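Visitor: Pasting a structure below so you can have a look.
The values are calculated or read from the model by the stated rules, or taken from the named source; none is laboratory data. In this text the structure is predicted, and so the values were computed from the model without any measurement. Please note: Cβ atoms are built from the backbone with ideal geometry, for glycine as well, and neighbour counts cover all protein chains shown. In case anyone asks, the SASA skips ligands and DNA or RNA and just uses the protein heavy atoms, side chains included. Shrake-Rupley method; radii C 1.70, N 1.55, O 1.52, S 1.80 Å.
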Amino acid sequence: MKLSTIRVMLSSARKKQSQRSGQAVPAGSHVRLNLQTGAREVKLQDEDKFQNTLKGSKKGKRLDINTNTYTSQDLKSALEKFKEGAEMESSKEDKARQAEVKRLFRPIEELKRDFAELNVVIETDMQIMVRLINKFNSSSSSLEEKIAALFDLEYYVHQMDNAQDLLSFGGLQVVINGLNSTEPLVKEYAAFVLGAAFSSNPKVQVEAVEGGALQKLLVILATEQPLTAKKKVLFALCSLLRHFPYAQQQFLRLGGLQVLRSLVQEKGTEVLAVRVVTLLYDLVTEKMFAEEEARLTQETSSEKLQQYRRVHLLPSLREQGWCEITAHLLALPEHDAREKVLQTLGALLATCRDHYHQDPQLSRTLASLQAEYQVLAAQELQDGENEGYFWELLGSINSLLKELR
């Protein structure tokens with residue numbers, strides 16, 4: 001029924017309900033006085049129903065819910081169905097995401113087949129390392145090819161898993177044997193690879209010591225070799241010794257401190273001297289930290305701590321003259337070198353205190369450096385840099401002078 005038709009019917013119904021005098025009013029009806037005509041008009045109850053129907057047709061029907069007709073089990077069932085619907089939606093989203101990933105990325109085997117058709121070969125890191133080791137170990141490879149293979153191999157063994165894979169197929173021992181080469185470049189780049197493979201990789205470190213790497217590295221440092229080769233060899237030695245107390249024990253047993261002492265006393269090896277002092281500082285503080293950690297955790301029976309306690313580094317340093325050697329290295333001109341030496345002097349203070357007291361040259365050097373860094377620290381302060389680099393160096397010098405008074 002059209003809305004216009006309904007309005008006409010309503011209007012007609014109202015006109016027909018004017019009350020005549022003496023006429024009875026139906027129960028439930030509403031009566032009003034028309035001020036314009038003076039007639040009384042009656043609004044019937046059926047008209048209210050008609051109006052409600054009209055309003056319902058305009059606004060739409062409502063659902064009259066009687067909450068008393070639903071049990072808790074009905075609500076739980078409805079909630080479970082709702083969750084199932086949500087899970088289905090989530091599952092659809094996951095499937096759509098997986099389909100998108102499959103569209104963007106293809107399986108490696110499928111890529112290999114496609115590239116094989118194009119005469120392009122995809123290799124895993126393991127396959128690449130095997131190929132590089134074979135190239136390096138081949139008697140038909142030129143010196144340039146061997147060096148290129150080692151250079152590329154160093155890139156891969158930086159990753160811990162790759163270094164362990166190198167160990168698994170015997171490649172590590174091939175590189176260790178490369179330290180025996182008569183070609184200085186082969187020794188240099190073999191040490192370069194080993195230093196990367198040893199770094200923070202205990203499994204490789206253990207196998208390297210068992211494979212004779214430590215002895216070979218010390219032999220190169222103890223013999224006449226180009227400075228560039230010794231730099232790489234020293235790098236490999238440092239990587240092998242750090243955080244590996246068993247290797248440190250073997251290092252002392254094989255006379256490693258004597259080798260390093262000769263190395264720093266050679267002319268033109270100042271850059272190596274700084275690296276050696278840094279290594280010694282790291283080894284001394286590493287053992288101190290192990291002892292302190294055991295004290296705090298009260299785990300004095302751990303195997304690691306027992307290994308560190310078998311490394312008699314400080315007595316060996318004292319006996320072999322490292323107190324004097326380290327003090328004399330303070331005369332190096334570079335600020336960075338002085339910083340490393342000052343750190344090592346502080347770490348050796350308890351062991352070398354009497355030697356420091358008896359060394360007049362050390363006192364003069366410290367006094368000279370104190371005056372120099374007072375000026376530099378003051379300049380830092382004027383530039384608005386509080387507690388800068390030179391201020392820290394000055395603090396280290398002041399602390400040493402105070403301890404030696």
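Visitor: For a distance above 19 Å, tell me the whole-number percent of Cα pairs in the range 249-343 that qualify.
Guide: 46
Visitor: If you roll a 1.4 Å probe over the range 303-345 with all protein chains in place, what percent of the accessible area is carbon or sulfur? Walk me through the numbers before you get to the answer.
Guide: Numbers: 1030 of 2000 Å².
Percent of accessible area from carbon and sulfur atoms in the range 303-345: 51.
Visitor: Could you pull out the GluC sites (Glu not before Pro) across the range 270-362 that fall in loop regions by DSSP (anything but H, G, I, E, B) with no more than 16 other Cβ atoms inside 10 Å?
Guide: GLU299, GLU334
Visitor: Also, I was wondering about something else. Where does the Debye-calculated log10 I(q)/I(0) of the range 113-197 sit at q = 0.12, 0.21 Å⁻¹, using only Cα point scatterers of equal weight, no solvent?
Guide: Rounded to two decimals, the profile gives -0.35, -0.91.
Visitor: In square angstrom, rounded to the nearest 10, how much accessible surface does LYS402 have for a 1.4 Å probe?
Guide: Here the residue's solvent-accessible area equals roughly 150 Å².
Visitor: A further question follows. Would you count, across the range 128-241, every pair of lysines whose alpha carbons are under 15 angstrom apart, provided the pair is eight or more residues apart or spans two chains?
Guide: Taking the range 128-241 as the scope, the lysine pair count is 9.
Visitor: For the range 150-225, with every protein chain kept in place, what is the accessible area per residue (1.4 Å probe, Å²)?
Guide: Details: 3230 Å² over 76 residues.
So the range 150-225 comes to 43 Å² accessible per residue, rounded to a whole number.
Visitor: Follow-up. How large is the Rg to Rh ratio of the range 183-283 when both quantities use alpha carbon positions and Rh follows Kirkwood? If you can, show how the numbers build up before the last one.
Guide: Numbers: Rg = 12.4 Å, Rh = 13.3 Å.
Reported Rg/Rh, Kirkwood definition of Rh: 0.93.
Visitor: While we're here: Give me the 1.4 Å probe accessible area per residue for the range 275-319, excluding ligands and nucleic acids, in Å².
Guide: Values: 2750 Å² over 45 residues.
That works out to 61 Å² per residue.
Visitor: Output the direction-averaged projected area (hull surface divided by four) of the convex hull of the alpha-carbon atoms of the range 268-405, in nm².
Guide: Answer in nm², one decimal: 10.1.
Visitor: Would you mind computing, in nm to one decimal, how far apart the modelled labels at LYS92 and SER368 are, each placed 7 Å from Cα along Cα→Cβ?
Guide: Placing both labels 7 Å beyond Cα along the Cβ direction yields 8.3 nm.
Visitor: Percent of accessible area on the range 131-225 owned by carbon and sulfur, 1.4 Å probe?
Guide: 49
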